[in-house]
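Asks: Handing you this structure, nothing more for now.
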Amino acid sequence: ELTQRYGTVFHYWLASKPVIVISDPPLVKDFITETGGFKRGSLEGNDASLLHALRLNKTVISMANIGKVNFCGTESILTSETGPKWKKKRKLMGPAFTLNRLSTYLPRFYNIAERLVAEVEKQLTSNGTGQVVNMSDVVAPFTIDAISLAGFNASPDEIRVLRGMGAGVRDIMTEARTNGNDRISVMRNAKLRETLHRAEMRVQEIRDTGREMILKRTGNGTYGSFHDVLDYIVAANTAEETGTIEMEETLDDFVTMYVAGNATTHTALGFVLCELVRNPDVMETLVAEVDNVWSEACISSSSSASEIGEALKNMPYLDLVIKETMRIHPPVQITGRITTAPLQLNGY
C-alpha cells in the first residue's frame, strides 16, 4: 500500500531511525549484486563501501527470533556483519549451491516427491470425498527430508530426529506469533513463556544433533567426501592456521541452513499448490506438461540426475509457475543495508 501511494523508493521513520524502502527491481538488484562498486543506473558514481551490508540487519533478525530464542545464532552467514570472516564464509559455502552441485540431488528429490504424492493420495483416501487435507502439514515433513538428505546427507535415524524437531519449532513459532513475541507480551503471558522455553529446548536439540553429525563425520574420516552443505559449512568455520573447527559458529550456520532452508522450501511449495488451486486452468496446463515430458523421458525412481535434469529443462511452463508464485509470495520479503556515508540514490 505504501509503495502504491509513495512509489518504489520512499522514506519513513522507525522510531528515531530513518529508513529508505526500495522495491524497484533493477535498483534492488544493483544493491544486492554489485560488490566491487556500483556501476549501473541510479547507483552510478557511488562506491559499494558506502553501504555496510548485513545479510539480516538487527530489525530483521528480531523478526526471525522469538523472545530470547535466537534461531540463527549471531555468527551465521545470514546474521553476521559483512567483513573478512563473512567474505570467507560466502566464498567457501557458495559452491554448495551451484546448479551443478544441486543437480546431483535430483534423484533424491524425485524419490521424496514420489513419497509425498503417495502420502497425499493416502490422505485423500482415508479422509473421504469432500474432506479437507491440510497440505501445509502434509508437505512439511518431506521438505525436511529434502534438506536433510541433500544438505546434510543425514541418516534415516537423524532424519527422524530432525523431522520431530522441525515440526516442533514450526508449531512453537506459530503459537508464539499468535500470542505476541515482544517483551511485554512475554512478561504478561505465562503460557507464552512456557512456549518460548520449549522453543529454546528445540533449537538446542537441533544444535546438539548438528554437533553429533559434525563430530561423526570428522571422526570417521568422511568429512570432505560428500561435498554437501555440511562439508562446506565445516570448511567455512575451520581456522586456516590451526585446522580447528569453530564449533559454535559452525552450529550457527547449521541451524540457519536447516531452519531457513526448510522454511523457505516449505513456504514456496505451499504457495505453489495454493495458487494452482486458485487457478485451475494453470494447473491443468502444468499437469499436462509434466505428464507429457515425464512419460516421453521415461522418468522413474531409477533415473539418473542427468536424465531428470534434462526432463526438467523441457518444462518451461513449470519454471514460469514457480517464478510467478515466488514473485507474488517471496519466501524472504526483505533484507537490509546500512549507509556509512552520504549516498546518491535515484536522484536524491
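Asks: Could you tell me whether any residue of the range 251-273 is open to solvent by 60 Å² or more (accessible area, probe 1.4 Å), free of Cβ contacts under 8 Å to residues at least 24 places away in the same chain and either more than 20 Å from Ala150 (Cβ to Cβ) or over 25 Å from the mean Cα position of the chain (by Cα) (or both)?
Replies: No, because not a single residue in the range 251-273 is open to solvent by 60 Å² or more (accessible area, probe 1.4 Å), free of Cβ contacts under 8 Å to residues at least 24 places away in the same chain and either more than 20 Å from Ala150 (Cβ to Cβ) or over 25 Å from the mean Cα position of the chain (by Cα) (or both).
Asks: Taking the condition open to solvent by less than 40 Å² (accessible area, probe 1.4 Å) and modelled with pLDDT of 90 or more, does Glu246 pass? So that I can check it myself, show each step before the final result.
Replies: On the way: open to solvent by less than 40 Å² (accessible area, probe 1.4 Å): no; modelled with pLDDT of 90 or more: yes.
Spelling it out, it is not the case that Glu246 is open to solvent by less than 40 Å² (accessible area, probe 1.4 Å) and modelled with pLDDT of 90 or more.
Asks: Need pairs with beta-carbon distance below 8 Å; first residue over 20 Å from Glu248 (Cα atoms) and within the range 219-237, second among the charged types (D, E, K, R) and surrounded by fewer than 19 Cβ atoms within 10 Å (Cβ to Cβ); sequence gap 6+ or separate chains.
Replies: From the range 219-237, the pairs are His227/Arg101.
Asks: Within the range 307-320, track down each residue that is closer than 18 Å to Ser103 by Cα, open to solvent by less than 90 Å² (accessible area, probe 1.4 Å) and free of Cβ contacts under 8 Å to residues at least 60 places away in the same chain.
Replies: The answer is Ala311, Met315, Pro316, Leu318, Asp319.
Let's see how each residue does on (1) modelled with pLDDT of 70 or more; (2) open to solvent by 90 Å² or more (accessible area, probe 1.4 Å):
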residue: Ile159; (1), (2): yes, no
residue: Ala167; (1), (2): no, no
residue: Arg170; (1), (2): no, no
residue: Asn179; (1), (2): no, no
residue: Asp182; (1), (2): no, no
residue: Lys191; (1), (2): yes, yes
residue: Asp208; (1), (2): yes, no
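Asks: Can you work out which of the residues in the range 329-347 that are among the β-branched types (Val, Ile, Thr) and within 19 Å of the chain's Cα centre (by Cα) is farthest from Asp30 (Cα to Cα)?
Replies: Applying the filter and picking the extreme gives Val332.
Asks: Also, quick follow-up: Which count do you get for residues in the range 324-348 that are among the basic types (Lys, Arg) and surrounded by fewer than 10 Cβ atoms within 10 Å (Cβ to Cβ)?
Replies: Count: 1.
Asks: Within the range 5-24, track down each residue that is part of a helix (DSSP H, G or I) and exposed (fewer than 10 other Cβ atoms within 10 Å of the Cβ).
Replies: Arg5, the sole residue that qualifies.
Asks: Return the only residue of Leu230, Leu286, Leu276 being under 20 Å from Asp145 (Cα atoms) and surrounded by 14 or more Cβ atoms within 10 Å (Cβ to Cβ).
Replies: Unique residue meeting the criteria: Leu230.
Asks: Restricting the search to the range 269-302, which residues are touching a Ser or Thr at 6+ places or on another chain (Cβ under 7 Å) and among the hydrophobic types (A, V, I, L, M, F, W, C)?
Replies: Across the range 269-302, the qualifying residues are Leu269, Phe271, Val272.
Asks: Let me ask another. Being modelled with pLDDT of 80 or more and not charged (D, E, K, R) narrows it down to one of Ile112, Ile61, so name that one.
Replies: Being modelled with pLDDT of 80 or more and not charged (D, E, K, R) holds for just one of Ile112, Ile61, which is Ile112.
The values are calculated or read from the model by the stated rules, or taken from the named source; none is laboratory data. Keep in mind that what you see is a predicted model, and the values were worked out from it rather than measured. Cβ atoms come from the backbone with ideal geometry, glycine included; neighbour counts cover every protein chain shown. Quick note on the areas: whole protein, heavy atoms, side chains included, nothing else; ligands and nucleic acids left out. Shrake-Rupley method; radii C 1.70, N 1.55, O 1.52, S 1.80 Å.
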